[in-house]
Ligand SMILES: Nc1ncnc2c1ncn2[C@@H]1O[C@H](COP(=O)(O)OP(=O)(O)OP(=O)(O)O)[C@@H](O)[C@H]1O
Ligand SMILES: [Mg+2]
């Protein structure tokens, strides 16, 4: 009888082990599949780093578990990122899990900068190499179709012979195309990769690029010889609502207020770049115009932000920058208080962006560097022209102001 009982017990034990093993291996299997999924780059230009469903998953799970378990849970989610990334190394080197979790969890380092492990998760956007290749391709491509699909009728959706697309901006005046173009090159100078690549093209009757759509151009009454801009068209974009820390009722994006999920932090990191960028270029046609509209539209912040879109994976795409630099500088008096309010609401920055701002501030060479990059990259730069001396000085001044603001934040939060 004892033999039977102990055999039965052993069988039960074996069954329990098998059950645990089964659950564990299928879990591992799912995790593995999940990891492999990340390694496949998304269609088009956009970065493979941020997992598609991390945000929703992390957020839901966080809601479901007691606070004491949250730190551990976050670290677990992070372990799902592809091997070889920075936090993966941190995990391997840690002595106790708790130390590692604390290290992984901190979204900010050196007081006011997004942590390196978060930087590692940031979408790379339109890289320099990618943008270079797109510009070369777009310059040589023939436009076979022009149709609505990029906003006002002065913008048209162009289809190239290979089926890829671009938004063409005719610009009601030269300021707009210039603003769009120079703002794009300023983003390149700052290392901000959220602006789609851009080229200029002239609508000459002898320009082969436009031959196939000549009749359509006539119908649009776009004048011959006009210089237009073409920016890469990105599929599957959706609208973006301003995140809570950047709304008027919040005290802003500060190092102390970052109790967020990883996906939210990656989002906010891109917003911190956007705010510096829009301040420098005095682009009122995004967050600032929302702030302005609050006077008569109390719910404006609940709606999508102008001229800002997002890929399904969460990278922000800064479109329609034609209000930047030229037009934005002309109407600075009207908008400056709003620009200031938005800039002062942010005290966390990307290290690389802050570094580039510091360089441009110290060398005081923003005009020459922007001009050089523009001339070297754009064959039609001389046709479209560059910033006036006055506006180049305004740009340098705004860079200096951003630099001082970063210093101010460093003084305020540097000890954290
Ligand atoms: N690069 C792009 N990739 C994909 N879609 C784009 C792109 N640029 C513009 N669009 C689409 O066109 C819409 C309008 O774009 P844009 O803001 O450039 O034009 P607009 O004339 O200022 O229009 P609006 O007045 O609606 O802002 C966007 O909301 C988006 O749907
Ligand atoms: Mg627009």
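Things worth noting here:
- For residue 320, the requirement of being surrounded by 19 or more Cβ atoms within 10 Å (Cβ to Cβ) and either within 13 Å of ligand 1 (Cβ to nearest atom) or modelled with pLDDT under 90 (or both) is met.
- Of the residues screened, residue 152 is not one that is in contact (Cβ under 8 Å) with a residue 40 or more places away in the chain, within 16 Å of ligand 2 (Cβ to nearest atom) and within 23 Å of residue 384 (Cα to Cα).
- Flag if residue 340 is modelled with pLDDT of 95 or more and more than 16 Å from residue 283 (Cα to Cα): no
- Positions within the stretch 291-303 being touching a strand residue (DSSP E or B) at 6+ places or on another chain (Cβ under 9 Å) and within 16 Å of ligand 2 (Cβ to nearest atom), in sequence order: 303
- Residue match in the stretch 304-318 (condition: more than 16 Å from ligand 2 (Cβ to nearest atom) and more than 24 Å from residue 262 (Cβ to Cβ)): no
- Test: residue 179 is within 14 Å of ligand 1 (Cβ to nearest atom), part of a loop (DSSP other than H, G, I, E, B) and in contact (Cβ under 8 Å) with a residue 40 or more places away in the chain: no
- Scanning the stretch 143-176 for residues that are more than 11 Å from ligand 1 (Cβ to nearest atom), in a loop (DSSP other than H, G, I, E, B) and modelled with pLDDT under 95 turns up just one, 173.
- Flag: residue 266 matches the condition of being assigned to a helix (DSSP H, G or I) and under 14 Å from the mean Cα position of the chain (by Cα).
- Among all residues of the stretch 127-140, there is none that is part of a loop (DSSP other than H, G, I, E, B), within 16 Å of ligand 1 (Cβ to nearest atom) and either surrounded by fewer than 20 Cβ atoms within 10 Å (Cβ to Cβ) or modelled with pLDDT of 95 or more (or both).
- Failed criterion for residue 283 (all others in (1) under 30 Å from residue 393 (Cα atoms); (2) away from ligand 1 (no atom under 15 Å from the Cβ) hold): (2)
- Boolean, residue 213 is away from ligand 1 (no atom under 16 Å from the Cβ) and surrounded by 20 or more Cβ atoms within 10 Å (Cβ to Cβ): yes
The values are calculated or read from the model by the stated rules, or taken from the named source; none is laboratory data. The structure displayed is predicted, hence computed values, not measured ones. Reconstructed Cβ throughout: ideal geometry from the backbone, glycine too, with neighbour counts over all protein chains shown.
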